[in-house]
Amino acid sequence: MKIKFKNYGCWGLNKDLALIVVVLTSSLALFLFPGKVTSRGSVSVMAGVIQVEDHTKQIGVIRLGEQKVKAKILRGRLKGRQITVTNKMIGHLMMDRPVAAGDRALFMLDLEGDTIKGAKLVDYDRQTWHLIMFIIFAGILILFARFTGLKAFVSFIFTIAVLIKILLPAILKGYDPLFVCISLAVLLASVTLLLIGGFRLRTLAAVIGVTMGMILSTILTVLAGQAMHVHGITIDFAVKLLFSGYSHLNLDRIFWGAVILSISGALLDIAISSATTVAEVVKANPSLSRRKLISSGFAVGQAELGTMVSTLLLAYTGYSLFLILALSATDISLTRFLNLSVVSAIILKVLAGGIGMVMVAPITAIIAGLLYHRFHGKAVETV
């Protein structure tokens, strides 16, 4: 049985534009939603350093002592005001922030009305370079991929909004981290696939494939994580989170949720590739059997897996390279190294992601093959 659709001309483009507007509007609404409020009377400002009296001593790779820093506020209602702070160096490479005249830095001010009661240098100005890189990324993406690049960029903005304004607050408020991560990963995958693939059967097949892949990966991750005694407490900043007033959080479920969230992008790539292949094969030969369509999706999934699995391994290795180097430098045995909780956490992420990708490829191919065999022929152009 075939379903016939009328030719609506620019209707497909209009639907794409409408979806872009909806997603952008949703992103803007999320960004405008009130976030975490800073403590009363405290405000962060960007200021340019105009003078530094350096009273520090270099000892090896660390500095000890203090700097007297004078800076001018660059933005906001206090623009132009000068502040003077004592910038202490305690020999902690991650916490110390030595500055020089001409640098831009972030300061935290204690205010009483418009009167500055105190100030502290808290970090370097990195937002300027964030913005520069963001503009370069957006420009190159849209220039190279044109309308598809625009849709990808809109998806990127929406993902940022959801992660910052929904994911993080929901977890900190005590909602189940694993459920939140999986739900939002499915939402983000669905929106991305709709933006890139449009309202077509391949998008539906990819969404179903990704969702099923995430569910199966979650079950495997939880079972393996519990069996290996890999706990969220082993992850960086977990202890800091507990002692920041969030001791009620379940770190294990946060860790499992983070694993699924981190592999969702790879699952999405595999799913859309397999579904798109089936769609293109049907366009070329609408009379193909269900088995042939599914085998075509399998073939592309196999080719994708050949590179994606290695990509996943390299991504996690690169992210954890300092940790791996530090552990390797202790000259421990390979058996001891592999059984360390932090190393087992990395291995779990890589293997859970790899197994998830292996599962999502055939699942999507089967679903796409069944859907396109059911609604094949001319209907494919518009479904």
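Read-outs throughout are calculated quantities, based only on the coordinates presented, and are distinct from any laboratory measurement. Model, not experiment: these values are computed from the prediction. Please note: Cβ atoms are built from the backbone with ideal geometry, for glycine as well, and neighbour counts cover all protein chains shown.
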Practice problem: Towards the positive end of the charge dipole of segment 112-253, with charges on Cβ (+1 Lys, Arg; -1 Asp, Glu), say which of VAL222, LEU121, ILE140 has the farthest Cα. | Solution: ILE140
Exercise. Compute the label zone of LEU17 within segment 135-159: residues whose backbone N is under 18 Å from the point 7 Å along Cα-to-Cβ.
Key: 146-152, 154
Quiz item: Can you pick out the pairs among LYS120/LYS165; LYS72/LYS120; LYS70/LYS117; LYS88/LYS120; LYS79/LYS165 whose Cα atoms lie more than 20 Å from each other?
Solution: LYS120/LYS165; LYS79/LYS165
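Taking each full run of DSSP H in the chain as one helix, which ones are at least 30 Å long along their axis (Cα atoms) and have mean Kyte-Doolittle hydropathy of at least -1.0? Walk me through the intermediate numbers first.
Working: long enough: 11-32 (31 Å, 1.62); 201-227 (39 Å, 1.60); 251-284 (50 Å, 1.26); 290-319 (42 Å, 0.45); 341-374 (48 Å, 1.69).
Sorted by number, the helices that extend far enough and score high enough are 11-32, 201-227, 251-284, 290-319, 341-374.
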Quiz prompt | Theoretical ellipticity at 222 nm over the chain - DSSP helices of four or more residues, -39500 (n - 2.57) apiece, nearest 500 | solution = -20500 deg cm²/dmol
Self-check item: All aspartates and glutamates inside 18 Å of LYS292 as judged from Cα atoms, apart from same-chain residues fewer than 8 positions distant
Solution: GLU280
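Ranking request for peptides 45-51, 325-331: highest mean number of other beta-carbon atoms within 10 Å first, then the rest in descending order.
Going from most to least packed, we get 45-51, 325-331.
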Quiz item: Which entry in [x] 25.8, 83; [y] 20.4, 77; [z] 20.9, 64 is this structure's computed Rg and Dmax of the Cα atoms in Å?
Solution: [x]
Quiz item: Along each of its three principal axes, how wide is the spread of alpha-carbon positions in segment 231-380, in whole angstrom units, largest first?
Solution: 61, 37, 19
Quiz item: Do any chymotrypsin sites (Phe, Trp or Tyr not before Pro) in segment 230-302 lie in a DSSP loop with no more than 15 other beta carbon atoms within 10 Å, and if so, which?
Solution: PHE237, PHE243, TYR246
Quiz prompt | Most mobile listed residue (ALA275, ALA238, ALA365) in the chain, GNM with C-alpha springs under 10 Å | solution = ALA238
Quiz item: Pick from PRO362, PRO98, PRO286: which is most flexible by mean-square fluctuation in a GNM of the chain where alpha carbon atoms under 10 Å apart are linked?
Solution: PRO98
Quiz item: Say we join alpha carbon atoms closer than 10 Å with springs in a Gaussian network model of the chain; which of ALA152, ALA368, ALA227 then has the biggest fluctuation?
Solution: ALA227
Practice problem: Rounded to the nearest Å, what's the spacing between the alpha carbon centres of segment 135-211 and segment 51-71? Just the number, please. | Solution: 44 Å
Quiz item: To the nearest 20 debye, what is the magnitude of the charge dipole of segment 147-381 about its Cα centre, counting +1 on the Cβ of each Lys and Arg and -1 on the Cβ of each Asp and Glu?
Solution: 660 debye
